[in-house]
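No lab work stands behind these numbers, since they all come straight from the coordinates. Keep in mind that this is a model prediction, so the values were computed, not measured.
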Amino acid sequence: MAQPVREVRTIRRAVVTGGAGFLGSHLCEQLLDRGVEVVALDNFLTGSPENVVHLLEHPRFRLVRCDVTDYVHVPGPVDLVLHFASPASPLDYLKMPIETLKVGSLGTLHTLGLAHEKGARYVLASTSEVYGDPLQHPQTEEYWGNVNPVGPRGVYDEAKRFSEAMTTAYRTSKGTDTGIVRIFNTYGPRMRADDGRAIPAFVGQALSGRPLTVAGDGSQTRSICYVDDTVRGILAMAFSPHAGPVNIGNPDELSMLALARWIVELTGSDSPVDFIDLPVDDPKVRRPDTTKAQELLGWQPEVTSEEGLRRTVAWFRERVGALEVRAG
């Protein structure tokens with residue numbers, strides 16, 4: 001069992017960009033639970049106020065509509081800036097390529113400027129996609145990646161690679177206190193059913209009795225990490241002095257076909273599996289080496305994939321039921 005790292009920072013007030021998104025909303029929640037005042041910034045391009053509606057009456061929470069590619073201004077002291085604004089699913093960033101590139105470039109520049117001005121710790125949400133279709137397996141932080149900059153996924157992959165370079169430049173040239181987390185496939189409550197990622201797509205299809213659409217022959221792998229574990233890892237990085245990059249993910253690797261069949265079983269569905277064309281530049285494998293996270297942050301995932309998937313299925317089932325009641 002990894003030992004928890006001693007927190008070295010006192011954080012009283014945090015800014016979370018993309019705070020109304022899937023991951024951002026969970027970050028806001030856990031920061032509030034730690035006694036931190038939270039300012040969530042979001043332009044609601046892919047996030048939704050619904051994700052944080054339960055926080056709106058909280059005395060230490062504020063939601064501000066803001067596009068970080070235009071400007072970022074937060075009055076008062078700030079101890080932590082978490083830059084999590086970005087379309088994160090292929091369906092979203094393929095529809096919004098320019099917006100994705102802008103939030104990774106201009107958004108990173110503006111939020112780094114805010115952190116530098118306030119003397120705040122800055123944590124960048126990078127991604128396992130910086131490794132591209134990897135030639136190293138599992139992926140360590142030292143691996144430079146195999147990315148096609150002019151392929152359809154390049155708008156997301158290169159936006160994040162640029163944002164890592166910009167974050168590092170602020171640290172080395174301006175002395176800004178920065179950290180980079182490379183987040184692997186995260187899932188859980190508040191994912192959009194239509195965001196195009198495998199787990200919400202499979203769960204939605206299974207619950208409605210539709211065929212589960214598996215790309216290619218389903219042999220490509222992903223390593224899935226339940227959202228509570230991912231957020232714990234991110235906050236361990238936020239409260240630490242480390243620069244990273246550090247992989248945050250669950251090494252529990254499984255094929256897409258195995259995942260689809262597992263979800264059919266967990267939902268009790270009789271949905272068949274349909275095979276569709278593999279997307280261009282779709283990575284064949286994905287699994288994090290989490291040695292650094294364990295050694296530097298005392299972090300490792302605790303929620304098993306089975307338990308995480310059960311919780312996720314239950315959340316989606318509840319939402320489907322609520323929508324049926326409303327429609328009725």
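Laid out as a table, the results:
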quantity: Mean separation of Cα contacts under 8 Å, 6 or more apart, over the residue count of segment 141-266: relative contact order %; calculated: 31
quantity: Pairwise Cα inverse-distance average, inverted: Kirkwood Rh of the chain (Å); calculated: 20.0
quantity: Unsatisfied cross-links (Cα-Cα over 24 Å) in the set LYS95/LYS118; LYS95/LYS292; LYS160/LYS292; LYS160/LYS284; LYS102/LYS174; calculated: LYS95/LYS118; LYS95/LYS292
quantity: Kirkwood hydrodynamic radius of segment 133-284, from inverse mean 1/r over distinct Cα pairs, in Å; calculated: 17.3
quantity: Relative contact order (percent, whole number), the chain, Cα cutoff 8 Å, 6+ residue spacing; calculated: 19
quantity: Rounded if a/c under 1.5, otherwise prolate or oblate - segment 1-101, Cα gyration tensor axes; calculated: prolate
quantity: Gaussian network model of the chain, Cα within-10 Å springs - most flexible of GLY24, GLY76, GLY175; calculated: GLY76
quantity: Rel. contact order, % - alpha carbon contacts under 8 angstrom, at least six apart, segment 193-296; calculated: 42
quantity: Isotropic mean projected area of the C-alpha convex hull, segment 126-203 (nm²); calculated: 6.8
quantity: Cα gyration tensor category, rounded, prolate or oblate, for segment 210-328 with a/c compared to 1.5; calculated: oblate
